[in-house]
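The values are calculated or read from the model by the stated rules, or taken from the named source; none is laboratory data. Just so it is clear, the structure is predicted and the values come from calculations on it, not from any experiment. Cβ placement follows ideal geometry from the backbone for every residue including glycine, while neighbour counts extend to all protein chains displayed. Protein only, heavy atoms only, side chains kept; ligands, DNA and RNA dropped before computing areas. Shrake-Rupley method; radii C 1.70, N 1.55, O 1.52, S 1.80 Å.
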Amino acid sequence: QPSASHCPSFHHSGVETVESETDSVQWHRLCAMVFSSDGGGGRVVLFYRYFLPGGGVGDETLRFFRQHSMHYLEEMLKHQQSLCEKHGGMKGRILISSEGINGTLSCQDENDLDSYINEMEGFDLVETLSTKNDTGDVPPDAGRGRLFRGIDWKKSSWNEGAEPFPDLKVQIVKEIVSTGGSVDVADIPKDMGKEISAA
């Protein structure tokens, strides 16, 4: 069973380059709760996804999304806020960018968590979000923008007591995991499975 020391960092670059000290402490507190939980308090889910072609995501749809990322990221931010409110007022932190999504959410009820995950799995860029944009370009056909399908959802519980997060924050950032711009999302498939030197 992993320990809190294995919990990934939630620092990032982008609109707000680093979470506040309070948020950092809150994040590590959450990690300790998740990995030592006995399931008596509520439910937590950790997830991330880089937007890459394949599966339910078509090359043309992905290119269109990145060409109009400013519009779609704003729409995606509002969609996430609405989705979390709809399913039990979920709390936590979600980072979204043109390269992907990275989030940790908590809620009291397992059904709310499962409903959120089901809606995320069914999300389609064209069907779910507004298709209007400033250029007037016509988006690709619906059904090839399943950006969140097949995410490896890491579910756990927290112990009885205060909920891990005090509120919900959804942010648009440059990177969902901070690399200082050293990693291009297009190179991720090439590097999968490779051992990366710490040097």
Next on the checklist: Show the residue pairs meeting these rules: Cβ distance below 6 Å; 6+ apart or different chains; first residue within region 94-109 and among the β-branched types (Val, Ile, Thr); second residue part of a strand (DSSP E or B).
Outcome noted: Ile94/Gly103; Ile94/Val170; Ile96/Ile172; Ile101/Arg49; Thr104/Leu46; Thr104/Gly92; Thr104/Arg93
Checklist entry - How many residues are modelled with pLDDT under 90 and open to solvent by 50 Å² or more (accessible area, probe 1.4 Å) when one looks only at region 160-170? => result 3
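Across region 85-95, what is the total count of residues that are among the aliphatic types (A, V, I, L, M) and outside any strand (DSSP E or B)?
Here is the first cut: in region 85-95, the residues among the aliphatic types (A, V, I, L, M) are 90, 94-95.
If we keep only those that are outside any strand (DSSP E or B) as well, we get 90.
Number of matching residues: 1.
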Checklist entry - Could you list, in sequence order, the residues of region 96-129 that are outside any helix (DSSP H, G or I), charged (D, E, K, R) and under 25 Å from Asp59 (Cβ atoms)? => result Glu99, Asp124
Checklist outcome for this item: Residue count, region 76-103, condition open to solvent by 10 Å² or more (accessible area, probe 1.4 Å), over 17 Å from Lys154 (Cα atoms), modelled with pLDDT of 95 or more and under 11 Å from the mean Cα position of the chain (by Cα), comes to 1
Item to check | Subset of region 104-152 (residues that are at pLDDT below 85, surrounded by 18 or more Cβ atoms within 10 Å (Cβ to Cβ) and of a type in the set (D, E, K, R)) | outcome: Arg144
Checklist entry - Hey, any hits in region 48-59 for a residue that's aromatic (Phe, Trp, Tyr) and part of a strand (DSSP E or B)? => result yes
